[in-house]
1. Can you tell me which residues in the range 292-319 are modelled with pLDDT under 95, charged (D, E, K, R) and open to solvent by 70 Å² or more (accessible area, probe 1.4 Å)?
2. Please pick out the residue among Tyr193, Tyr216 that is within 14 Å of the chain's Cα centre (by Cα) and of a type in the set (Phe, Trp, Tyr).
3. Determine whether the range 239-253 contains at least one residue that is more than 14 Å from the chain's Cα centre (by Cα), modelled with pLDDT under 95 and open to solvent by 20 Å² or more (accessible area, probe 1.4 Å).
4. State yes or no: is Tyr283 crowded, with 20+ Cβ neighbours inside 10 Å, in contact with a Cys (Cβ under 9 Å, 6 or more places away or on another chain) and within 24 Å of Asp87 (Cβ to Cβ)?
5. On the given criteria, is Gly13 surrounded by 17 or more Cβ atoms within 10 Å (Cβ to Cβ) and in a loop (DSSP other than H, G, I, E, B)?
6. If I go through the range 130-176 residue by residue, how many of them are in a loop (DSSP other than H, G, I, E, B), without any contact (Cβ under 8 Å) to a residue 24 or more places away in the chain and open to solvent by less than 70 Å² (accessible area, probe 1.4 Å)?
Amino acid sequence: MKLLVTGGAGFIGSALIRYLIKKTNHKILNLDKLSYSGNLKSLQSVALSSNYVFKKIDICNVKLVEKIFKNFQPDIIMHLAAESHVDRSISESREFIQTNILGTYNLLETSRRYWNELTFNRKKKFRFHHISTDEVYGELHNKHELFNEKTSYKPNSPYSASKASSDHLVRAWGRTYNLPFVISNCSNNYGPYQFPEKLIPNTILNALKGKSLPVYGNGDQIRDWLYVDDHVSALVLVAFEANIGETYNIGGNNEMKNIEVVKLICDLLEEIHPLKNNGKKYYQNLIKFVTDRPGHDRRYAIDSRKIRRDLGWEPKENFKTGIRKTIEWYIKNKEWWQPILKDKYKKVFK
């Protein structure tokens, strides 16, 4: 089959493409505009595959997207292209509206026109898989409560509001135009190749450089952490096996406070890569509590029983095994992250 993956040079998108090329024989076309967080180095291991093609295209460019559909003739769209950093959405919200809402609209309209022209058999195979986030649900106040597929949307940041909007668009195009779709909403991902502005890689890399480890507020915000390769295995199941019109929540069942995550990273680094010559004796001495960000959600947690029951998915990693793999990867792959910190992205990490 032919799969069109948007945002395939990003963190989750590149992990998905590496999986598809290594584990399947499907043909993959990667559309990515290569914004600040897109990195083709994340795809070097599959770049020469005869089943893989990359096109530098912004999904907001309707004419170029239409041309791709016409020439590639995809069977499945896996839509990951999005602006995704909450902090950045607070200071630069326009980009989030443009990419996450208008970009998704362009893909849906192009998909609708394309799907209408397909033969009956190809129409039956086609589907639009929209990959979203648990942040669309807002925050949880009851410690026993979990987000499920019927939880009402209540986004609290420009980022989550833009993703909620795109979810609603996808569902509306399915209801109004019968466009075959599936949606998945995931918890916080982590793992190799994640752009260094996010909590876990930022903590690892700051620690390795002996810099302070910023933690918002008192660090009591709770997230459900999902190892990226586990997420990818779930995405493939949803794309190929879920019934049309279904939504699946994907979570790692690893709830932890942010401060617990940072302290665990420090403890593992003490074992794997002891701190040297920076005036501090232990990594935890680098922790620095900073002013909380506006509208910071306190807790997210996913109920993933539906995907486990319907599709037989189970995560392979718990947080301790996944974070160890992640730390070891960043230690061994400086050639991937050092240019990001040094060159054209230095203003992001000033």
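1. Within the range 292-319, just Arg298 meets the criteria.
2. Numbers: Tyr216 fails: within 14 Å of the chain's Cα centre (by Cα).
Matching residue, one of Tyr193, Tyr216: Tyr193.
3. yes
4. Numbers: crowded, with 20+ Cβ neighbours inside 10 Å: yes; in contact with a Cys (Cβ under 9 Å, 6 or more places away or on another chain): yes; within 24 Å of Asp87 (Cβ to Cβ): yes.
Answer is yes for this residue.
5. Values: surrounded by 17 or more Cβ atoms within 10 Å (Cβ to Cβ): yes; in a loop (DSSP other than H, G, I, E, B): no.
Considered against the rule, which asks whether it is surrounded by 17 or more Cβ atoms within 10 Å (Cβ to Cβ) and in a loop (DSSP other than H, G, I, E, B), Gly13 comes out as no.
6. Quick first cut of the range 130-176, residues in a loop (DSSP other than H, G, I, E, B) only: 138-146, 148-157.
Then keep just the ones that are without any contact (Cβ under 8 Å) to a residue 24 or more places away in the chain; that gives 142, 144, 150-155.
Then drop every residue that is not open to solvent by less than 70 Å² (accessible area, probe 1.4 Å), which leaves 151, 153, 155.
Qualifying residue count, the range 130-176: 3.
Residue by residue, here is whether (1) farther than 17 Å from Leu199 by Cβ; (2) of a type in the set (S, T, N, Q); (3) touching a helix residue (DSSP H, G or I) at 6+ places or on another chain (Cβ under 7 Å) holds:
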position	(1), (2), (3)
Gly217	no, no, no
Leu226	no, no, no
Val232	yes, no, yes
Gly245	yes, no, yes
Ile250	yes, no, yes
Asn254	no, yes, yes
Ile259	no, no, no
Lys263	no, no, yes
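So that you can scan it fast, the table gives a plain yes or no per residue for (1) outside any helix (DSSP H, G or I); (2) of a type in the set (A, V, I, L, M); (3) under 23 Å from His168 (Cβ atoms); (4) modelled with pLDDT of 95 or more:
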{"position": "Ile90", "(1), (2), (3), (4)": "no, yes, yes, no"}
{"position": "Glu95", "(1), (2), (3), (4)": "no, no, yes, no"}
{"position": "Tyr105", "(1), (2), (3), (4)": "no, no, yes, yes"}
{"position": "Glu109", "(1), (2), (3), (4)": "no, no, yes, yes"}
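The values are calculated or read from the model by the stated rules, or taken from the named source; none is laboratory data. Source: prediction; values computed, not measured. Because the Cβ atoms are built from the backbone with ideal geometry, glycine has one as well, and the counts that use them run over all protein chains shown. For the accessible areas, the whole protein counts, side chains as well, though only heavy atoms, and no ligand, DNA or RNA atoms are used. Shrake-Rupley method; radii C 1.70, N 1.55, O 1.52, S 1.80 Å.
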